[in-house]
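In what follows, a single structure is set out as structure tokens and then discussed.
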Amino acid sequence: MSDLILEARGLVKEFGGFAAVRGVDLSIRRGTIHALIGPNGAGKTTVFNLLTKFLAPTRGAIVFEGRDITSLKPADIANLGIVRSFQISAVFPHLTALENVRVALQRRLGISYQFWRSRHVLDVLHEGAMEKLASVGLADFADQPAVLLSYGRKRALEIATTLALDPTLMLLDEPTQGMGAEDVGRVTDLIKEVSAGRTILMVEHNLGVVSRLADTITVLNRGRILAEGPYETVSHDPQVMEAYMGISAEESDG
């Protein structure tokens, strides 16, 4: 089995005459947390949308587990085990936390639209859903409608539903966006816990979160890769400091 789970080869995305992504090569190693960062307009969300097939590349290829998935649709790659969360919490607000996770389990088992099931099958789903809720610290909120959960707990519920789909590759889009410090810490700890034995690719703006979680960081600027490596390396790169943090090489020396 290859050490690489996902590769982008020469990805280009053009909108009219504007190139939002310009020849991006990306290699995601199995069992790691890989972060995409960059200033506003760097192209990171576009790259994320290309990898998850919400956008089609103008040129280039995307390879997952050795298979070219460039022409596949989002539903097809979800079936392959690439599961994405979004910037805005995507849960069913008027279902309970338990029901949200159970819906995800039903989808994975191929019984999403079979509402009349035996008691035995429902019990199995119930147990599995409770296990997922417990894994993200939401066991005590199982019967609470999602709409009543705090924002941080809604994001935790979204991670639980993502885990219920048993992803081979989990993609997290700005998982701590809009959170206060307490929720940021809780969700960061949660991502660290659920990453054991999994591969995660995340777009994240919070450098504190990235420094705690990411094994590898790819920094984008103006649609190109500016730097790549562990946090200690990229955070001291003069080009990164200038492009991402607004600090010039001369200022950093001073």
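The values are calculated or read from the model by the stated rules, or taken from the named source; none is laboratory data. Computed from a predicted model, the values in this text were never measured in an experiment. Methodologically, a virtual Cβ is constructed for each residue, glycine included, from the backbone with ideal geometry; neighbour enumeration extends over all protein chains shown.
Looking for something over 29 Å from Gln144 (Cα atoms) and charged (D, E, K, R) - is there at least one such residue anywhere in segment 171-192?
Within segment 171-192, none of the residues are over 29 Å from Gln144 (Cα atoms) and charged (D, E, K, R).
Report whether or not Val219 is closer than 29 Å to Pro93 by Cα and of a type in the set (Val, Ile, Thr).
no
Would you confirm, using the coordinates I've provided, whether Val47 is in a helix (DSSP H, G or I), among the β-branched types (Val, Ile, Thr), surrounded by 20 or more Cβ atoms within 10 Å (Cβ to Cβ) and in contact with a helix residue (DSSP H, G or I) (Cβ under 9 Å, 6 or more places away or on another chain)? Spell out how you get there, then give the answer.
Numbers: in a helix (DSSP H, G or I): yes; among the β-branched types (Val, Ile, Thr): yes; surrounded by 20 or more Cβ atoms within 10 Å (Cβ to Cβ): yes; in contact with a helix residue (DSSP H, G or I) (Cβ under 9 Å, 6 or more places away or on another chain): no.
Against the criterion (in a helix (DSSP H, G or I), among the β-branched types (Val, Ile, Thr), surrounded by 20 or more Cβ atoms within 10 Å (Cβ to Cβ) and in contact with a helix residue (DSSP H, G or I) (Cβ under 9 Å, 6 or more places away or on another chain)), Val47 does not qualify.
Spot the failing condition for Val63; the list is (1) at pLDDT 90 or above; (2) among the hydrophobic types (A, V, I, L, M, F, W, C); (3) in a helix (DSSP H, G or I); (4) surrounded by fewer than 18 Cβ atoms within 10 Å (Cβ to Cβ), and only one is missed.
In the conditions (1) at pLDDT 90 or above; (2) among the hydrophobic types (A, V, I, L, M, F, W, C); (3) in a helix (DSSP H, G or I); (4) surrounded by fewer than 18 Cβ atoms within 10 Å (Cβ to Cβ), Val63 misses (3) alone.
Of the conditions (1) crowded, with 21+ Cβ neighbours inside 10 Å; (2) under 24 Å from Ala20 (Cβ atoms), Thr161 clears all except one; give me its number.
Thr161 satisfies all of (1) crowded, with 21+ Cβ neighbours inside 10 Å; (2) under 24 Å from Ala20 (Cβ atoms) except (2).
What number of residues in segment 215-252 are modelled with pLDDT under 90 and part of a helix (DSSP H, G or I)?
The number of residues fulfilling the criteria is 10.
For residues that are touching a residue at least 60 places away in the same chain (Cβ under 8 Å) and farther than 21 Å from Pro175 by Cβ, scanning just segment 14-44, find the one that is surrounded by the fewest Cβ atoms within 10 Å (Cβ to Cβ).
Here is the first cut: in segment 14-44, the ones touching a residue at least 60 places away in the same chain (Cβ under 8 Å) are 19-26, 28-39, 41-44.
From what is left, the residues that are farther than 21 Å from Pro175 by Cβ are 19-25.
Working: Ala19: 16, Ala20: 20, Val21: 27, Arg22: 16, Gly23: 15, Val24: 25, Asp25: 13.
Applying the filter and picking the extreme gives Asp25.
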